[in-house]
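Novice: Would you mind keeping the following structure in view while I ask a few things?
We did not get these values from a lab; they are worked out from the coordinates using the rules stated. Treat the numbers as computed from the prediction; the structure is a model and nothing was measured. Positions of Cβ are backbone-derived with ideal geometry, glycine not excepted, and every protein chain shown enters the neighbour counts.
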Amino acid sequence: MLKGKSILLGISGGIAVYKAAELVRLFVKEGASVHVVMTANAQRFVTPLTFQALSNNVVGRDLFSMQSESRISHIQMARLADLVVLAPATANLLAKMAAGIADDYLTTILLATTAPVMVCPAMNVKMWEHPVTQRNLRTLAELGHRIVPPGVGALACQEEGAGRLADTADILESAIRVLTPPTLAGRSILVSAGPTREHFDPVRFLSNPSSGKMGYALAKIAARRSARVCLVSGPSALPAPAGVERICVTTALQMGEAILEISSKQDAIVMTAAVSDYRPAQRAARKIKKSPEALSVLLEPNPDILGSLGAAKPPGQVLVGFAAETENLAQNARDKLMRKNLDLIVANDLTGEGAGFGSDTNEVTIIERGGEESALFLMTKEEVASHIWDRVERLFAGGKN
Ligand code: CTP
């Protein structure tokens, strides 16, 4: 996700410096080239050698070092960055930035750079809550810096509260988002995901093995592209992607209600949910006790949510469905596209290896209403999501939608 991008990681002195090592690893793993700059105090917690080994680049630490200035000057450092990440950012660093002080290598770069700056504070809870720190943060936010707020929990100083450096995975996701072109900015998008559960007694239900991975990937990638994303999810073990509003539901009826309440305001809706087509006609109030007799459960049909969305589709809205098939993939998918009045349908063959329920990868064919059909290779569900959003953006740009 960060291939070809240059990230300058500024590290100031606090106990969370050790977590910055993991952050370098994550950035490098995503393909970024990382240059680390450390304040004098940061170097007292972890040696620059650690960061040099992880980033494979010389660590900037002394404004007046002839050796490092001759290799790459602090002004070059400021210029080459696509993004500056400050993690951990101490209260002292925030204060200096807000005041425009440039008295060491890192703060000099911060005045000289025109790249976006992401600030990830970490400090004692009282320092975090201090009105001066809060005022400095407001100043930085007004200047356009992105703040990744600290987490709440036990702090190294034996106190509890806000002040822990945000999770490195969340910092990585924020960085990816800053560096992703905002091609869905201003768009409202609804994604449904996961299975539904249809109970026939308090402890038993009908469901399917859907994990929600495809829908969560679609929500995550749309949020990266700056869309306003609402994810209506059936039961899933996955955490809500950062920056996405999640509505949790259990049954098909609840899912339909949640979706139809907000559907008319959406620019695009993608239904990945594996909605149960049937529900038990009756739900026993108590656990059904076993008996030697055979047990029949009468099922009645659930409403077709996607069908209702297609029937009431407002002009301009892009409607995308999924078709999970075990035979006649293209033909069945095309039939569903026409029957449910869709703009796109994503067909996946459940018999393929590495595709479908629970897997991290998927192999799909994207079919457009206009007839265009593209079969994608086996790829991660995030990559599949990117392809789907590229198609949706093309439909937006084409003005047909
Ligand atoms: N879907 C829905 N409501 C339902 C069933 C399905 O909104 N009650 C949506 C799914 O989210 C998916 C699409 O419809 O986007 C296709 O689902 P699928 O079960 O493959 O199609 P069906 O119309 O149910 O057809 P069939 O089961 O006969 O293949």
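Novice: With a cut-off of at most 10 other beta carbons within 10 Å, and DSSP calling the residue loop, which GluC sites (Glu not before Pro) in the range 252-355 qualify? Please list them.
Specialist: Passing sites in the range 252-355 are Glu293, Glu327, Glu353.
Novice: Between Ser264, Val297, Asn348, whose Cα lies farthest towards the positive end of the dipole of the range 188-397 when Lys and Arg beta carbons carry +1 and Asp and Glu beta carbons carry -1, centred on the Cα centre?
Specialist: Value: Val297.
Novice: Where the centre of each part is set by its Cα atoms, how far does the range 304-360 sit from the range 193-223, in angstrom?
Specialist: 16 Å
Novice: Further question: Looking at the range 51-148, which GluC sites (Glu not before Pro) are in a loop (DSSP not H, G, I, E or B) and have at most 11 other Cβ atoms within 10 Å?
Specialist: none
Novice: Just the number, please: percent antiparallel of the DSSP beta bridges in the chain, rounded to the nearest 5.
Specialist: Taking every DSSP beta bridge within the chain, about 30 percent pair in antiparallel fashion.
Novice: Order the peptides 174-185, 30-41 from the highest to the lowest mean number of other Cβ atoms within 10 Å of their residues.
Specialist: The peptides rank, most packed first, as 30-41, 174-185.
Novice: Averaging sequence separations of C-alpha pairs under 8 Å and six or more residues apart, then dividing by the length of the range 175-214, give the relative contact order as a whole percent.
Specialist: Reported as a whole number, the value is 32 percent.
Novice: Quick one: if you stick a label point 7 Å off each Cα along the C-beta vector at Asp201 and Ala99, how many nm between them?
Specialist: The two pseudo-label positions are separated by 7.1 nm.
Novice: How many nm is it between the label spots at Glu159 and Glu327, if each spot is 7 Å from the Cα in line with the beta carbon?
Specialist: Label-label distance for Glu159 and Glu327, simple model: 6.8 nm.
Novice: What FRET efficiency do you get for Cys248 and Glu293 if R0 is 30 Å and r is their Cβ-Cβ distance, rounded to the nearest 0.05?
Specialist: My answer for the efficiency is 0.25.
Novice: Still on this model: Measure nothing but the geometry: give the 0 to 90° angle between the long axis through the Cα atoms of 168-179 and the longest principal axis through the Cα atoms of the chain, rounded to 10°.
Specialist: 90 degrees
Novice: Another question, if that's okay. More than 30 Å apart: what percent of Cα pairs in the chain qualify?
Specialist: Tail fraction, whole percent: 51.
Novice: List the trypsin sites (Lys or Arg not before Pro) within the range 224-314 that fall in a DSSP loop (any state other than H, G, I, E or B) and whose Cβ has at most 10 other Cβ atoms within 10 Å.
Specialist: Taking the range 224-314 and a limit of 10 other Cβ atoms within 10 Å, the loop trypsin sites (Lys or Arg not before Pro) found are Arg286, Lys287, Lys289, Lys290.
Novice: Given the options Ala385, Val320, Val17, identify the residue whose Cα lies farthest towards the positive end of the charge dipole of the chain (+1 on Cβ of Lys, Arg; -1 on Cβ of Asp, Glu).
Specialist: Val17
Novice: A follow-up question, please. Which longest uninterrupted range of the chain lacks any chymotrypsin sites (Phe, Trp or Tyr not before Pro) assigned by DSSP to a loop state (not H, G, I, E or B) and surrounded by at most 14 other Cβ atoms within 10 Å?
Specialist: Formally, the longest exposed-site-free interval is 65-376.
Novice: Over the chain, what is the relative contact order in whole percent, taking alpha-carbon pairs under 8 Å and six or more residues apart?
Specialist: 10 percent
Novice: Over 21 Å between Cα atoms: which of Lys29/Lys96; Lys220/Lys381; Lys265/Lys313; Lys19/Lys220; Lys313/Lys336; Lys29/Lys381 fall into that group?
Specialist: Lys29/Lys96; Lys19/Lys220
Novice: Angle check, please: helix 17-29 long axis (alpha carbons) against the longest principal axis of the chain (alpha carbons), in degrees 0 to 90, nearest 10.
Specialist: With rounding to tens, the tilt is 60 degrees.
Novice: May I ask you to compute the full-extension gain from Leu260 to Asp304, defined as 0.36 nm times their residue separation minus their alpha-carbon distance, rounded to one decimal in nm?
Specialist: 14.7 nm
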